[in-house]
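The values are calculated or read from the model by the stated rules, or taken from the named source; none is laboratory data. Every value quoted in this text rests on a predicted model; they were computed, and no experiment measured them. Every residue, glycine as well, gets a Cβ built from its backbone with ideal geometry; the counts of neighbours run over all protein chains shown. Protein only, heavy atoms only, side chains kept; ligands, DNA and RNA dropped before computing areas. Shrake-Rupley method; radii C 1.70, N 1.55, O 1.52, S 1.80 Å.
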Amino acid sequence: MLHTSLHCRSFPSPSHLRSLVLSSRLFPSVAVRTTPTLSLRRSRANRSIAMAATEDSRIKRIASSIRVIPDWPKPGVMFQDITTLLLDPQAFKDSIDLFVERYKDECITVVAGVEARGFIFGPPIALAIGAKFVPMRKPNKLPGEVISEEYSLEYGTDVMEMHVGAVQPGDRVLVIDDLIATGGTLCAAIRLLERVGAEVVESACVIELPELKGRERLGDRPLFVLIKAKGV
Amino acid sequence: MTYPQEEVDGKERGEKPMMKKNNKRLETKIEGIASSIRVVPHFPKPGIMFQDITTLLLNPKAFKNTIDLFVERYSSMDISVVAGVEARGFIFGPSIALAIGAKFIPLRKPRKLPGEVISERYVLEYGTDCLEMHVGAVQPGERALVVDDLIATGGTLCAAMNLLERAGAEVVECACVIELPELKGRERLNGKPLFVLVESH
């Protein structure tokens, strides 16, 4: 087994993880609804207030750098645009650092990023924690032998593909995307990875839209996000 | 102190041991990167030998060396913007941007970017395609680096450069992991410099 020679602390249980979700206070100029960090502070008794405050200020900067585009791609949808986060090098670095801090001691061997915005966050995390990066792609993009997973959209279905042989049985995997909405895409990614015998340790996103109940769709699969936002 | 002399191509050359060691290290890194790239024959169509960088990404040391080689080159060139071409440019560009403290700008296929965009059409083997960039992502006078995994005919990179120049940025260089020299993409870049790690013939 890959990690017998490594000293990995045991991974927290799913319910414990949910109480560790980081979030930030609402900035008046930003249309993002957030929740307080009190549960985080209480659950980490040994953490200094200064450290928690640093996390808070990083989250604040990340949240305020995300642009909301109303009625895109269709009326009624408040689109969370992370491209403006990428235009703020400090905020972008902070978002990567927050993920790396969480996963660097968890013996993650694979970071799987969902096309295309998962390709922006996944590789820097993979590089920092010494893991492989595996792209999860739309159909007909990956050359060579692939396995496919169909998943439902609001109207119709879509397909996600992964290379055969990219992930080995027993690999410990982190799934990355920019945002979780209904959870359909993440579920498809998790299924693909589990089909080849990997252990999906956690899914991680910059943004969650809680009203769309993606977390429920993941069931007991752990989910970690930096920001919760109102998407509709 | 005199340094050892070495005969190279019939001429005697003085080469400091440290330089020789560094060049050997660089060669080893490049070899490691090149050998981790998988060639898939007849994809996406017969006759094409597809350069598959996903196997490079499965080799953390080689992937890190790839990024480091770009970062070493660009960290002191005052680059304020790294523009990555969808989708494989998204795999390399952001890590370079983070390391050199630059903004990252995704250049995308049509209708993927929300809000106001500018578009650039370009020619494919059969038909045309289109690349888009957000209005306001780049300011006039910014120094930009364009990143993609591979340059073939140069059509995509050309479109990327045009978008940035239309917004008033200065494209300092284009950077790719792989070049297919026989497809002459380098000549299509309007004299803009191109830097690649691996040539594939």
Out of the chymotrypsin sites (Phe, Trp or Tyr not before Pro) in segment A:105-196, which ones are loop residues according to DSSP with at most 15 other C-beta atoms within 10 Å? A:Tyr155
For segment A:150-184, which GluC sites (Glu not before Pro) are in a loop by DSSP, counting at most 13 other Cβ atoms within 10 Å? A:Glu154
For peptide B:97-108, the mean count of other chain Cβ atoms within 10 Å per residue Cβ is 4
Site B:Phe195, offset 7 angstrom along Cα→Cβ, radius 19 Å on amide nitrogen, limited to segment B:56-76, gives B:62-76
Please compute, for peptide B:78-87, the average count of beta-carbon atoms on other protein chains lying within 10 Å of each residue's beta-carbon. 2
Have a look at segment A:108-135 and report residues whose accessible surface goes down by 40 Å² or more when the remaining protein chains are included, against the chain on its own, probe 1.4 Å, ligands and DNA/RNA excluded. A:Ala116, A:Phe119, A:Ile120, A:Leu127, A:Lys132, A:Phe133
Given a 1.4 Å probe and no ligands, DNA or RNA in the count, how much accessible surface is buried by B and A, both sides, to the nearest 100 Å²? 2700
Under 17 Å by backbone N from the virtual spin label 7 Å along Cα-to-Cβ at A:Lys93, the residues of segment B:52-86 are B:68, B:71-72, B:74-82
Solvent-accessible area of A:Thr157 with every protein chain in place, 1.4 Å probe, in Å² to the nearest 10: 80
Expected 222 nm ellipticity per residue - DSSP helices of 4 or more, -39500 (n - 2.57), all of chain B, to 500: -9500 deg cm²/dmol
Could you tell me what percent of the accessible area of chain B is made up of carbon and sulfur, with a 1.4 Å probe and every protein chain present? 52
With all protein chains present, segment A:64-218 has a carbon and sulfur share of its accessible area (1.4 Å probe) in percent of 52
Roughly how many Å² is the accessible area per residue of segment B:65-201, as a whole number, for a 1.4 Å probe? 39
Distance violations [Cα-Cα > 32 Å] among B:Lys24/B:Lys192; A:Lys93/B:Lys16; B:Lys24/B:Lys184; B:Lys20/B:Lys45; A:Lys60/A:Lys141; A:Lys228/B:Lys61: A:Lys93/B:Lys16; B:Lys20/B:Lys45; A:Lys60/A:Lys141; A:Lys228/B:Lys61
With the Cα gyration tensor of segment B:67-201 in hand, give its eigenvalues times 5 under a square root as the equivalent ellipsoid semi-axes, listed largest first in whole angstrom. 20, 20, 13
Which percent, to the nearest 5, of DSSP beta bridges fully inside segment B:102-201 are antiparallel? 40
If you filter segment B:82-132 for GluC sites (Glu not before Pro), then keep DSSP loop positions with at most 14 other Cβ within 10 Å, what is left? B:Glu116, B:Glu125
So what's the angle, to the nearest 10 degrees on a 0 to 90 scale, between helix B:17-35 and the longest Cα principal axis of chain B? 50
